[in-house]
1. Could you tell me the extents of region 117-172's C-alpha atoms along the three principal axes, largest first, rounded to whole Å?
2. Charges at C-beta only: +1 for Lys and Arg, -1 for Asp and Glu. How large is the resulting dipole of region 2-164 about its Cα centre, in Debye rounded to 20?
3. To the nearest 0.05, how large is the calculated FRET efficiency for T173 and D250 if R₀ is 56 Å and r is the Cβ-Cβ distance?
4. What is the local net charge at C39, summed over the other residues whose Cβ is closer than 14 Å to its Cβ (Lys, Arg +1; Asp, Glu -1)?
5. Around A174, what is the net charge, scoring Lys/Arg as +1 and Asp/Glu as -1 over all other residues with Cβ under 14 Å from its Cβ?
6. Based on the Cα atoms of the chain, what semi-axes does the equivalent ellipsoid have, where each is the square root of 5 times one gyration tensor eigenvalue, given in whole Å with the largest first?
7. Grab every C-alpha pair in region 288-346, bin the distances at 5 angstrom width from 0 up to the longest one, and report whole percents.
8. Report, in debye and to the nearest 20, how large the dipole of the chain comes out about its Cα centre when Lys and Arg carry +1 and Asp and Glu carry -1 on their Cβ.
Amino acid sequence: ILDSMRGRLELGGSHLNMAGFRAYEQKFVNAQRIIIVACGTSWHAGLVAEYLIEDLARLPVEVEYASEFRYRNPVISERDIVIAISQSGETADTLAALELAKSKGATIFGICNVVGSSIARATDAGAYTHAGPEIGVASTKAFTAQVTVLTLLAMCIGQRRGTIPETKLRELTAELHNIPTKVEKALELDTEIRQISEIFKDVPNFLYLGRGYNFPVALEGALKLKEISYIHAEGYPAAEMKHGPIALIDENMPVVVIATKDSSYEKVVSNIQEVKARKGRIIAVVTEGDTVIPAMAEFVIEVPHTSEILMPLVSVVPLQLLSYHIAVLRGCNVDQPRNLAKSVTV
Ligand code: F1P
């Protein structure tokens, strides 16, 4: 992860200044809508992009499961840009979704890891993530690299559209350069997270909650746990809890809450109170130095402070480590989970 992050950040925005993006820059500026198609972890990166692009570039974004989109009769116009995200670049559903959008006149921008892959070749333009080979089946560093590219993309479009103030752009650029060190610090939580994993390795269910930028991270945390440890896990927007999942909470339910200091912090504190009132076992991912949530949660995982917009790059790491340790403690093969293929080509 760190190598791919460093590589990415040393290159700065140069991946996005490549000829492909420059040639399509004006299309992004004038787009009426951005549709993101992807599957699995890549879909979660797409969800982060929805927040990023709407916040920074003020363009409407739809994030679609490629596996559904390809079988619908979606309304697509020539002023739509479809971003196809795929680690392998070979996922059949994502390829079919982009082909469908292309046949209706949309411009296709690809974000793939594997150079020369089928999806990369089918796009009009794109940016490679260059995260290096994903050894295991479950995507981890690819997610980080995808979100990094999408952040740079949102910043570039925002700058060109004049929707992001110069000072904010400068702040974000500076903070992006601090992210590799912060990810490194998050990786140092390894021993601590292993201890937490010992306690929860035999539970049958997990709930993951997050708001705003941390909502897709909650989904990704739940997916990682399902994929490699075979424990049933659900990710929800924290505010959605009261519309159903709250019925699941009792003293046997571990609830991972991503509760870093951001604009929804106070609301997340109320969600934690609701879980606590029902005796749920709270594992909270908090910002270093927070004193409020540690007084309420049973387990606390502290990550370094960063901008709300960049937090998914940091907050996903402890959740990946949690899944990894639980899976290893359960004797699961984390690199080759049962029933999963690296590229789903059918
Ligand atoms: C999509 C994906 C992965 C998942 C598994 C199956 O792959 O759902 O996110 O971890 O490998 O495929 P991709 O289109 O990003 O290669």
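Just so you know, all these numbers are worked out from the coordinates, no wet-lab data involved. Source: prediction; values computed, not measured. Positions of Cβ are generated from backbone atoms using ideal geometry, with glycine treated the same way; all protein chains shown enter the neighbour counts.
1. The Cα atoms of region 117-172 stretch 39, 25, 13 Å along their principal axes.
2. 380
3. 0.75
4. In short, -4.
5. Overall, the nearby charge balance is 0.
6. After diagonalising the Cα gyration tensor, the semi-axes are 32, 22, 19 Å.
7. 4, 14, 15, 18, 16, 13, 11, 6, 3, 1
8. With Lys and Arg at +1 and Asp and Glu at -1, about 600 debye.
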